[in-house]
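Take a look at the structure set out below.
The values are calculated or read from the model by the stated rules, or taken from the named source; none is laboratory data. Everything numeric in this text was worked out from a predicted model, so none of it was measured. With ideal geometry, Cβ positions are generated from the backbone for all residues, glycine too; neighbour counts draw on all protein chains shown. Accessible surface is based on the protein model in full, side chains and every heavy atom, while ligands, DNA and RNA are left aside. Shrake-Rupley method; radii C 1.70, N 1.55, O 1.52, S 1.80 Å.
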Amino acid sequence: QTGDANWETCHVTFDHGGNVPYIEGQSIGIIAPGPDKKGEQPARIRLYSIASSAVGDDQTSKTVSLCVKRVVEVGGQFANREVGEDKPDKAGTHFPDDKVYRGVCSNHICDMSVGDDVMITGPTGAEMLLPEDPEANIIMLATGTGIAPMRSYMRLLFHDDAGANSDGTRKFKGLAWLFMGVPFSKSLLYDDEHTEYKSKYPEQFRFDYAVSREDKNAAGQKMYIQTKMAEYTEELWDLMQDKRTHIYMCGLKGMEAGMAECFGEIAKKNGLDWTEVSKQMKKDHRYHVEVY
């Protein structure tokens, strides 16, 4: 609980029986029964980034997992429940004294029980796929549930049998560095997994958190992802000059503006313009963005 109406995030695993083969970095669509806010039944497809690696959390290649934030807005501009209509959800949260908007698909998913059927489409997406080079470096920037594709990468790189050699060493030989931004420390997702990877592979995995409503930098600024990255500007800039380094960004719109804020100055010092640098990285398929 964070005190926010939309405090709840669920990790949900679906059994697709091997009928939805996917790879790390892709998305699937979920179709809720509806009606959606336009009154359509079933609701329109809602895409979610996949949070499990290709073999699934159970490594059977028959499951897929999502990381879903339950959307609840109280007293806002839009509402699909009038005063007195909001009923307790599966977590027991409700706001009977207010007008409430509940995201149709996110609430459908978060309210599911074991054994419920779900309508899945896909998989889809090629923007966020991992490089084939095992010596690539991967810089990951995630806000909130934007951690989903990053988790799928890390499961493959540091956890799954599919990412291991026959002698037990990992196939991945590069550096994976995660920057995750959340409003509250209680909102940190998969921290236990990150801690485990760091303890097992300290030379290959790093992670830094930016907790915007609790932490500040030395100058007293709120700690957003770009604020945290600014602590490592030169190291990250040097990494980006390596043609094997890829940047993956997933989460809220505005993250790219944060990159410009973080690297604009050092690019200028090196006689370059950050806009052109990021454009070239995109052309080279080294700069991958999925924001919403």
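Give the residue, chosen from Gly92, Gly84, Gly76, that is free of Cβ contacts under 8 Å to residues at least 60 places away in the same chain, on the phi > 0 side of the Ramachandran plot and within 26 Å of the chain's Cα centre (by Cα). Show your work before the answer.
Details: Gly84 fails: within 26 Å of the chain's Cα centre (by Cα); Gly76 fails: on the phi > 0 side of the Ramachandran plot.
The conditions single out Gly92.
Each residue in the range 96-119 was checked for being in contact (Cβ under 8 Å) with a residue 24 or more places away in the chain and open to solvent by less than 50 Å² (accessible area, probe 1.4 Å), and 13 pass. Tell me, which residue of the range 238-292 that is small (Gly, Ala, Ser) and not in a helix (DSSP H, G or I) is least open to solvent (accessible area, probe 1.4 Å)? Only one residue fits best here, namely Gly251.
When every residue of the range 110-125 is checked against the conditions, none turns out to be within 21 Å of Val291 (Cα to Cα) and of a type in the set (A, V, I, L, M). Checking each residue in the range 27-70 for being touching a strand residue (DSSP E or B) at 6+ places or on another chain (Cβ under 7 Å) and open to solvent by 50 Å² or more (accessible area, probe 1.4 Å) picks out Pro42, Ile45, Arg46, Leu47, Lys62, Lys69. Test Ser166 against the stated conditions and say whether it is assigned to a loop (DSSP other than H, G, I, E, B), open to solvent by 60 Å² or more (accessible area, probe 1.4 Å) and either at positive phi or of a type in the set (S, T, N, Q) (or both). Taking the combined requirement at face value, the residue satisfies it.
For (1) at pLDDT 95 or above; (2) over 17 Å from the mean Cα position of the chain (by Cα); (3) more than 22 Å from Met229 (Cα to Cα); (4) not in a helix (DSSP H, G or I), each residue gets a yes or a no:
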{"residue": "Ile138", "(1), (2), (3), (4)": "yes, no, no, yes"}
{"residue": "Leu141", "(1), (2), (3), (4)": "yes, no, no, yes"}
{"residue": "Met150", "(1), (2), (3), (4)": "yes, no, no, no"}
{"residue": "Leu156", "(1), (2), (3), (4)": "yes, no, yes, no"}
{"residue": "Lys173", "(1), (2), (3), (4)": "yes, yes, yes, yes"}
{"residue": "Met180", "(1), (2), (3), (4)": "yes, no, no, yes"}
{"residue": "Ser199", "(1), (2), (3), (4)": "yes, yes, no, no"}
{"residue": "Glu203", "(1), (2), (3), (4)": "yes, yes, no, yes"}
